[in-house]
Amino acid sequence: MISITKIKVGDKVHYQPEHYGHDEWENGIIKAIPTHRNDGVRVVYNCNNNWDNYKDYTSAMTNLQDLKYGWI
């Protein structure tokens, strides 16, 4: 799990909830860290491999317990 105090916008993460197991994940980049909650962040997962412009794409609110640092 990622700590809300150690992340920043632009960090690379991968989504791997418990039901995925060890062989499935989704890479993403943190787009926003909402101030009104401390258990989730907004992550861009699909941007047509245009990662330099990830801020131009839709993000998904993602629970911190399902995120890990870095890409796989």
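The values are calculated or read from the model by the stated rules, or taken from the named source; none is laboratory data. Values in this document were obtained by computation on a predicted structure and should not be read as measured data. Cβ coordinates were reconstructed from backbone atoms using ideal geometry, including for glycine residues, and neighbour counts include every protein chain displayed.
Miscellaneous remarks
- For region 14-34, the set of residues classified as of a type outside the set (A, V, I, L, M) and surrounded by fewer than 14 Cβ atoms within 10 Å (Cβ to Cβ) consists of E18, H19, Y20, G21, H22, D23, E24, P34, listed by residue number.
- Considering residues of region 19-49 that are touching an Asp or Glu at 6+ places or on another chain (Cβ under 8 Å) and not β-branched (V, I, T) only, the residue nearest to W71 (Cα to Cα): Y45
- Strands (runs of 3 or more DSSP E) lying entirely in the chain (those with 3 or more residues that are among the charged types (D, E, K, R) and touching a Phe, Trp or Tyr at 6+ places or on another chain (Cβ under 8 Å)): none
- Residues in region 1-58 that are polar (S, T, N, Q) and touching a strand residue (DSSP E or B) at 6+ places or on another chain (Cβ under 9 Å): Q16, N27, N46, T58.
- Residue match in region 7-22 (condition: among the basic types (K, R) and in contact with a Gly (Cβ under 7 Å, 6 or more places away or on another chain)): yes
- For region 1-13, the set of residues classified as surrounded by fewer than 16 Cβ atoms within 10 Å (Cβ to Cβ) and modelled with pLDDT of 95 or more consists of K8, V9, G10, K12, listed by residue number.
- Scan of region 1-18 for residues that are under 11 Å from L64 (Cβ atoms) and of a type in the set (G, A, S), ordered by number: S3
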